[in-house]
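Some notes on the structure that comes next.
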Amino acid sequence: LRDEIGRMERLSLVGQMAASITHEIRNPMAVIRGFVQLIQERSPKDQFEYFRIIMDELDRANLIISDFLSLAQNRELVMEKGSINTIITDLEPLLLADANLRGQSMEVNLCKDLPLMKLNDREMKQLLLNLARNGMEAMGEKGILRIWTAHQNNEVSVHVSDEGVGISPDKMKNMFEPFFTTKTRGTGLGLPLCLSIAERHGGRIDVQSEEGKGTTFIVTFIIMEERGEHNNP
Ligand code: ADP
Ligand code: MG
């Protein structure tokens, strides 16, 4: 019965989201259509710019679709024993390149004796990538994005901290809702996806924020500690 209720809820959520996504995908599609129409009668210089816009909008539509799919699919995750530290180390070059492009920097601090936990590698990467990108997008040049892991009692946590604009109480209330965004080019699917991934790993997300100062997202997982299964970096 519990499964059945879960299924019904998911189906109705998917229905609501299908309506929203149709709307969201139409925006980039309309832009692309407009520019494709214009392109033939323009100078090579304009054409170059229009191709860039078209590529950007295609990327955006793609992102919306893939985020939406991961959120809607909700299929059984393949979980394997792994380390959040490894996930972060794998993502680091990508994040660093992104930060540097924005004139920002990044500091990573990994807990030395972080226990392993059951995780889905791809989803966990997606979770951290989304939080890190949000952090970067909230900051101007010279901002520092900090990522660190911690281990306390039977919990493992990963912290993603930025020196950005911070989050007002009003935004705080809505930001985990699908399609809530304050960005002109946002999808509003990042945080709902993060939450869904955290929950599917038995975890939770806490947020500490000060407007004008910055924000820290803390994702915490409960681990079933087993002797001799520590991660040795
Ligand atoms: P998107 O990034 O596409 O806007 P998200 O679901 O990732 O969608 O985030 C929703 C909203 O939450 C953002 O538009 C922004 O207003 C707010 N937000 C998320 N992370 C941060 C952050 N680190 N600092 C400030 N605001 C944030
Ligand atoms: Mg985002």
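The values are calculated or read from the model by the stated rules, or taken from the named source; none is laboratory data. Source: prediction; values computed, not measured. We place every Cβ from the backbone using ideal geometry, glycine too, and count neighbours over all the protein chains shown.
Quick look at the numbers
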{"item": "Those residues of the range 102-125 which are surrounded by fewer than 18 Cβ atoms within 10 Å (Cβ to Cβ) and either assigned to a strand (DSSP E or B) or at pLDDT below 90 (or both), in sequence order", "result": "Ser105, Glu107, Val108, Asn109, Lys118, Arg122"}
{"item": "The range 162-192, subset buried (at least 19 other Cβ atoms within 10 Å of the Cβ) and touching a Phe, Trp or Tyr at 6+ places or on another chain (Cβ under 8 Å), residue modelled with the lowest pLDDT", "result": "Thr187"}
{"item": "Unique match (being within 13 Å of ligand 2 (Cβ to nearest atom) and assigned to a strand (DSSP E or B)) among Val156, Val160, Val207", "result": "Val160"}
{"item": "Residues within the range 163-192 that are within 16 Å of ligand 2 (Cβ to nearest atom) and more than 23 Å from Leu95 (Cα to Cα), tallied", "result": "7"}
{"item": "Residue match in the range 77-84 (condition: in contact (Cβ under 8 Å) with a residue 12 or more places away in the chain and either basic (Lys, Arg) or assigned to a helix (DSSP H, G or I) (or both))", "result": "yes"}
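Residues are listed down the side, and each one gets a yes or a no for (1) of a type outside the set (D, E, K, R); (2) under 29 Å from Gly15 (Cβ atoms); (3) part of a loop (DSSP other than H, G, I, E, B); (4) more than 14 Å from the chain's Cα centre (by Cα):
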{"residue": "Ser66", "(1), (2), (3), (4)": "yes, yes, no, no"}
{"residue": "Thr89", "(1), (2), (3), (4)": "yes, no, no, yes"}
{"residue": "Leu129", "(1), (2), (3), (4)": "yes, yes, no, no"}
{"residue": "Gly140", "(1), (2), (3), (4)": "yes, no, yes, yes"}
